[in-house]
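Written below as C-alpha cells is the structure these notes are about.
Bear in mind these aren't lab numbers, they're just calculated from the coordinates by the rules spelled out. Only a predicted model underlies this, so the values are computations on that prediction, with no experimental measurement involved. Backbone-built Cβ (ideal geometry, glycine too); neighbour counts: all protein chains shown.
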Amino acid sequence: MILFRWHAVASWTWDAQDETCGICRMAFDGCCPDCKLPGDDCPLIWGACNHAFHLHCILKWVNSQTPQAHCPMCRREWQFKG
Amino acid sequence: MEESTSLVCNLGILEKLNDNSIQEIIKSYGGFCTTTESLLNGAGDLSVGPEFVLHVHSLCKHGLQSLVCDHFLLSLEQAFEKIGVTNFWRHFDSYSKVGVLQKNNSSIYDDEVQLVLCKALEEMALEKQYQEKCLFMLVHALQLHKESMFEGKQNADSERAHLFAKYQLMVSSVLMASLPLHFPDILHRYFKGKLEELSRIMDGDLEGKNEFQDKDSMDLDEKGKHRTGEMDIDESYNHGKFSEKNKLVKHIGKVVRDLRSLGFTSMTENAYASAIFSLLKAKVHNLAGEDYRNSVLESIKGWIKVVPLQFLNALLAYLGDSIGYDTPSSGLKSPLASHLSSCSSEIDTPSEGLIRWQLRLEYFAYETLQDLRIAKLFEIIVDYPESSPAIEDLKQCLEYTGQHSKLVESFISALKYRLLTAGASTNDILHQYVSTIKALRTIDPTGVFLEAVGEPIRDYLRGRKDTIKCIVTMLTDGTGGNPNGSANTGDSLLEELNRDEENQEIAGIDDDFNSDDKQAWINAACWEPDPVEADPLKGSRNRRKVDILGMIVSIIGSKDQLVNEYRVMLAEKLLNKSDYDIDSEIRTLELLKIHFGESSMQKCEIMLNDLIDSKRTNTNIKLTAAKQSQTGAELGEDAVSLDILDATIISSNFWPPMQIWHLWHVLEAQGASRHHSMWFPEFQDEALIVPEPVDKLFSDYAKRFNEIKTPRKLLWKKNLGTVKLELQFDDRTTLYTVAPLHAAIIMQFQEQKSWTSKNLAAAVGVPEDVLNRRINFWISKGILSESVGTDSNDHIYTLVEGMVDSSKNGGNSGSCEELLVGDDEGESTVASVEDQIRNEMTVYEKFILGMLTNFGSMALDRIHNTLKMFCVADPPYDKSLQQLQSFLSGLVSEEKLELRDGMYFLKK
Ligand SMILES: [Zn+2]
Ligand SMILES: [Zn+2]
Ligand SMILES: [Zn+2]
C-alpha cells in the first residue's frame, strides 16, 4: 500500500485563555469589528498582565486612555508583553 | 272571391256601368284569365301575348287595373309554387337526412353538392326569367293603356318597380316558407368547397409568384416597379392563374347573385362567411402546427390577404351595383367586364366593407392562433429559447385580443397537471420556472401575469425539502445544473443573469446616447417602479424589468437563507478538495456579491480566503521542512515525508458547523442530551485515530505552523479531508481517493490481516456501528471480506488476498482510479441548514416539554412567544415560527408530542 497524498483539514486558533476579546466582545478566532479577515490581518496581542485583546481593539483603547492606559480587564497599567 | 273584393273597391265605377260595358268586361276578363293561364302554366305559351295585352287594355279602360294586377300576381304565385318551388327543393331532397352533410366530408361529395346547387339555381333562374318576361308583358300592357289615356309617358317606372318589388317579395316569401332545414348547410358546403378550390389555386400561385420573383430579382427595373403596398398582389400575377381564379370567382359570384335574387341574401352571406372562417381556422391550424421555432403570424396574415380578401374583393366587385332588385335584367349585362380592369385599382383603395372584413378575419386568426399556442404553452416553454418565435407570435396575438387572463388560467392548470407532480424532479421544476419567467417576460414585460403564473410553482417548491439546495446549485453550478443541456453549458444561471444585465446596460447606454444628458439624469432620478396594476400593454421605456433572481429568491423567502445554504454547500465543496484550486468559486462569489451585497457574502469570502492562505502556508511549511532535511536532520526508516501531507486551514468561526457523527454517537450512547455548545467546531475532530506515521506528520505539520504563525496553533479535524492511496496486489494496482476514515481503516490491515469489528472500531476511534456502516466501502470494492465471529454480534473483517476484483474496473490490469467525492453513504461533511436548525432547537426541547407538563396544552405561537420571553441567554431563542413548527412536528413524529386542533400536548 502506498500513501500518495493526505489532504487534511485543520482549524487555527490563537490559543488565548478566553474565547472573546474583552473590548469588542467578538471571538478571538474571529476578528475585531474593523476588520474583514481574521488571522494574520487581525492579530491578538498580550499585555504584561497576560490579558489578550485584538491588536486593533487595544490600540484604540490605549489611544483613548491618556496619559496612562490600563488593562480593561484587570485595571493594571497596560504594557505590551515583551 | 277576387272579383268581389275588386268590385267592392271600385264601387264608384260600378255605378257608371251600362250593359255593354258589363259585357265587355266579362268578355275581357274571361280572355285575360285564359291568356294568363296559358302564359304562366304548363309549357308557357308566349304567343298569346298580343291577345293578353288587348284584354288588359280593355279591363284597364274600365278602371279595373288593380284587379288585373292582383289576379296576375296571384297567378304568378300559384304557378311559382306549383312548378318553380317544388322543382327547386326537389334537387336537395337527397341531402335532407340529418347528418348526411356532416358525415360525408369527401371532396367528391362537395363536387356533387356544387353541381346540384348550380343546376337548381340555373333552372330556377330560367323559370324566374320567364315569369319576369310575363310580368314585363303586363307592365307593357299597362303602360300602353296609360299612354293612350294621357298621351305620353307617365310615371311608368314607378308602376313597374312596384310590380317587380311585389313579385320579388312573393318569390322570397314562397321560398322561405318552404325552406328545408338543411339548405343553409348545403350553401355552407358549396362555399367551403369553392373556397378550398380558390385557396389551392392561390397557394400554387404564391409559389409560382415566389419563383417568378426570385428569377427576376436581378432585374432591378422590373423590381422597382413592384409595389410594396399591402394589397398589390394582383399586379404581379401570372395571368394563367389569374384568369383561372377569375373564372372561379365569377362562377361563385353568379351563384351568390342568383341566391340573392331569390331572397337568400343574408343566408348566403352567412354561408360564405362561415365557410371563410372555417377555412381560415383550418389554415391557422395547418400553418401553426407543432413547430414552435418559426413565426407563423405573418404567413397567416399573408394568406388572409391572398385568399379570403381577394375572394371577397372580387365577389363584392362582381356583385357591384346589381345588389338592388329594381333592374333585374341589368344583372345579366354583367358588370364583370368593367370590374375586371378596375380590379387592382379597387384593391389599392379597399372599400370600407373589405377593411371591416380584414379586421374581422385578422381578429379571428389572432384568437385562433392564440388559443392554439396557449393550449401548448407548456411544451413551448419546455422548448424555450428555441421556441421564442412562437412566444413572439403569442405576444402579438395577445396584444390584439387582450385575453391575457386566458393564458394565465390555462397555463396554471397545465402546470398543475404536467409539472407540479411528485414525479417531476425539483431541478426540472426549477428549470421550467426559470424558462417560464424568461419566456413570459417577453409577453408580459411588467411581470403582472408572470406573478400569477409563478405563484403555484413557488408554492409547490416551498413544500419540497431539496428546493433550496437545487436553487443554489442551479444558480452557482455551471456543470450539473441544466438537464436539458442548453446552449450555454458550463454557465451557471448567475453567470447568465449577469451577462443579460450587462447587455441590458449596454443597450440602455445606447438608448440614451442621443438624448440630453441632463434630462436623462433627471429621468433616472425620478424613476419609480410601475404600480402593480400597471397596464402591461403600455410600452414605457422606464418599464419595470422582470427580475429573474428576485423571483427565484422569492421561492425561498429571503436571500439570507439562500446565502446560508450556499455557504454550507461551499464548505462541503472546499473541504472535499484535494488541491487549492478555487478559481470558479471566486468567480461565483463575485457574482453573488453583485446580487446579494458584499456583507451578506462576508463569511463565504473568508472561507475562500482561508483556502488561499492555506495554500501559501502549506508551501511555507514544506519549505522549512525541506531546509531542515538538507541541514542533516535524518528521518527514520519508516517515517513518511511531510511532502505527502497538505492541509486546508480554516477560520472555523466563519465556517458552518461540521457534522460530527462520532462524537454525537458517543454522547448519545452515554445518554447526554445534545447541547448547543457541542456544535462549536472545536469539539468535532479528534476522535478519529489515524495511523501512527500519519499522526507524526500531523504533529510535525502543526509544530511548523506554530513556528511560522506564533502564537497561533493548529487543531486537526482528522475526519475531514481526502486521501489518495494506491493498493498494490499481485497483478495490479488501484488508486483510490477516499475519506480519512476509509484510509485509516484500510491502513490498519497492513499490519494485521484480520480484525474484529470491536477491535477495529477502537483502533480507528469510531463507534462500532459507524465502522460497520463505513467499512462497506472496502467490502463493495472486494478489498475486504466480512464474516461472523464467535460472538454473533461481532463481525470479522479480513483482507482479501490475491482476490479477484469485484468492481467494474476489474478488467483493467493496469492501474485505475477510483474517485470518491465526498462520502459514499450520502453523509455530508457539513451539516445541512435544516439539520443545523433542528440541532440548535434541541436545546429547547426540555424547556418545551416542561412547559407542556405545566400548561397541559399550548398553541404554536404561544410556545413561540414563551420561548422568546424566557430563553434570552445561552443560547438566546432566535428561531422563526416556521422553524419551531418543523421542530415540533419532528417531536410529534418521535411520539413525544401530540398535535390536536392546533394545540400541542404531551404524548401520554
Ligand atoms: Zn476585540
Ligand atoms: Zn482588527
Ligand atoms: Zn489585564
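Would you please give the FRET efficiency between B:CYS33 and B:THR265, computed as 1/(1 + (r/R0)^6) with r the Cβ-Cβ distance and R0 = 35 Å, to the nearest 0.05?
Numbers: r = 34 Å, r/R0 = 0.98.
Taking R0 as 35 Å, the efficiency between B:CYS33 and B:THR265 is 0.55.
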Separation between the B:ASP878 and A:LEU55 pseudo-spin-labels, each 7 Å from Cα along Cα→Cβ, expressed in nm? 2.9 nm
Rounded to the nearest 0.05, FRET efficiency between B:LEU169 and B:LEU359 (Cβ-Cβ, R0 30 Å) equals 0.30
Between B:TYR400 and B:GLU386, what is the label-point separation in nm under the 7 Å Cα-to-beta-carbon projection? 2.7 nm
Assuming 0.36 nm per residue, please report the length gained on full extension of the stretch B:ASP579 to B:ASP500 beyond their Cα-Cα distance. 25.2 nm
Quick note, the range B:722-770: a/c under 1.5 would make it rounded; otherwise a/b > b/c is prolate and the rest oblate (a ≥ b ≥ c, C-alpha gyration tensor); here it is oblate
Extension gain (nm, one decimal) between B:GLN728 and B:ASN776, 0.36 nm per residue minus Cα-Cα: 15.3 nm
How far apart, in nm, are the 7 Å Cα→Cβ label points at B:SER410 and B:VAL116? 3.7 nm
Please work out the FRET efficiency for the pair B:MET149 and B:ASP19, using the Cβ-Cβ distance as r and a Förster radius of 22 Å; give the result to the nearest 0.05. 0.40
Return, ordered by residue number, the residues of the range B:50-84 whose backbone nitrogen is under 18 Å from a label point located 7 Å along Cα→Cβ of B:ALA177. B:70-84
Surpassing 19 Å at the alpha-carbon level, of the pairs B:LYS603/B:LYS703; B:LYS577/B:LYS718; B:LYS846/B:LYS896; B:LYS301/B:LYS395; B:LYS61/B:LYS128, are B:LYS603/B:LYS703; B:LYS61/B:LYS128
Rounded if a/c is under 1.5, else prolate if a/b beats b/c, else oblate: with a ≥ b ≥ c from the C-alpha gyration tensor eigenvalues square-rooted, which is the range A:17-82? prolate
So how much slack lies between B:ALA161 and B:ALA626, counting 0.36 nm per residue of separation and subtracting their Cα-Cα distance, in nm? 154.9 nm
If the limit is 28 Å between Cα atoms, which of B:LYS709/B:LYS879; A:LYS36/B:LYS573; B:LYS627/B:LYS713; B:LYS573/B:LYS781; A:LYS36/B:LYS868; B:LYS250/B:LYS305 go over it? B:LYS709/B:LYS879; A:LYS36/B:LYS868
